[in-house]
Structures are given as structure tokens and as C-alpha cells.
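Here's the structure we're looking at; comments come further down.
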Amino acid sequence: MENLSRRDLCVALSAFAAMGSVAAQAQALANPGDKVLSDSQAFPFDKLPVSHSKNGGESRHVTKGVLPTGEYVEMHETTLPPGQMPHPPHKHRHSEFMMIREGTVEFDNDGNKETVGPGGVIFAASEKTHGLKNVGNVAAQYFVIAIGRESGVQQV
């Protein structure tokens, strides 16, 4: 290993100090009990815990917590049977991205309905009424990434 110059050492120490600062910032933004998502990680689908819904669907929790940049995120996967909705149209404080993996869903965007299929992405903005329904003949599978803190769901 080469000897570090004084300049190289100062740059390296500054970088290490900055990394600690980012982690400390994330911890400061986290609520007690929040997980800080500061380490890279894989989430194999077959290892995700499964919850069953009354409508015959399933949900798999992936992760939730605070990123080092300060955003609170939650991610899960849902399997929705044909003709079903995960819940009635609603709105909430956080924003959501929904990535359709399989099937066809109807996105109710504050009363405007649009059909989205495999590979499509839906964005539900904060405090905007939205809903989802499987309008296809097969189970719809989609991932949800929620960004921002939850303040309670308002059914509409």
C-alpha cells in the first residue's frame, strides 16, 4: 500500500466525516423505533412475509424506514384477485408510486379512471383521492412505494 500524502489523508478524513454526518442526519430525522435504511440489501420475493386480505388477495411487506437523505419510505407488494379492490378510494398524506408487474388495473385518479397494465407505473400524489381495481381476468400484482409519513387514511 502506498503512503498517503497529507493532502490525501485530509481528503479521506473529510469523506469519512461526511459519511458519519449523513447517517447522523438520518437518525435525527427518524422517529423513535424507525429503522434507518442506511445499508444496501436484497429482498428475495420468496422470503417476504405474506398477509392475506379479506378480498382473497395477498400483501408482502418489503421494508420501511428513513433514508439517509431524510425521506420516510415504505414498500410492499400486493396480489389482487380479478374484480377486487384493495380498499375503497381514499387519500392520505404520503405519495405513492405503484408499479404494475402483472394483470390490468383501473386507476381512479380523483374520479378520472385510466387502465394500466404490466410495466406501467401509477403515481398517487399526496392528499389526492385515488383507488385501484383489478379489471383483468387474472390476478394483478403490483409494488407500492410510499414516500412520506403516514397521517391516517381518509376514505372518500
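The values are calculated or read from the model by the stated rules, or taken from the named source; none is laboratory data. Since the structure is predicted, the reported quantities are computational estimates derived from the model, not experimental observations. Here the Cβ is made from the backbone with ideal geometry for all residues, glycine too, and neighbour counts use every protein chain on show.
Structure notes:
- Selection status of residue 43, modelled with pLDDT of 90 or more, within 30 Å of residue 137 (Cα to Cα) and loosely packed, with under 15 Cβ neighbours inside 10 Å: yes
- Residue within the stretch 109-118 that is under 25 Å from residue 33 (Cβ atoms) and of a type in the set (Val, Ile, Thr) present: no
- Hey, residue 65 assigned to a strand (DSSP E or B) and on the phi > 0 side of the Ramachandran plot or not: yes
- On the stretch given as the stretch 63-89, residues that are surrounded by fewer than 15 Cβ atoms within 10 Å (Cβ to Cβ) and at pLDDT 95 or above total 2.
- Residue 83 touching a helix residue (DSSP H, G or I) at 6+ places or on another chain (Cβ under 6 Å) and either closer than 25 Å to residue 33 by Cα or touching a residue at least 40 places away in the same chain (Cβ under 8 Å) (or both): no
- Scanning the stretch 61-100 for residues that are among the aromatic types (Phe, Trp, Tyr) and touching a Lys or Arg at 6+ places or on another chain (Cβ under 7 Å) turns up just one, 72.
- Residues in the stretch 90-134 that are among the polar types (S, T, N, Q) and in contact (Cβ under 8 Å) with a residue 24 or more places away in the chain were compared, and the one that is surrounded by the fewest Cβ atoms within 10 Å (Cβ to Cβ) is 126.
- Qualifying position, being closer than 21 Å to residue 147 by Cα, of a type in the set (Lys, Arg) and in contact with a helix residue (DSSP H, G or I) (Cβ under 8 Å, 6 or more places away or on another chain), among 60, 93: 60
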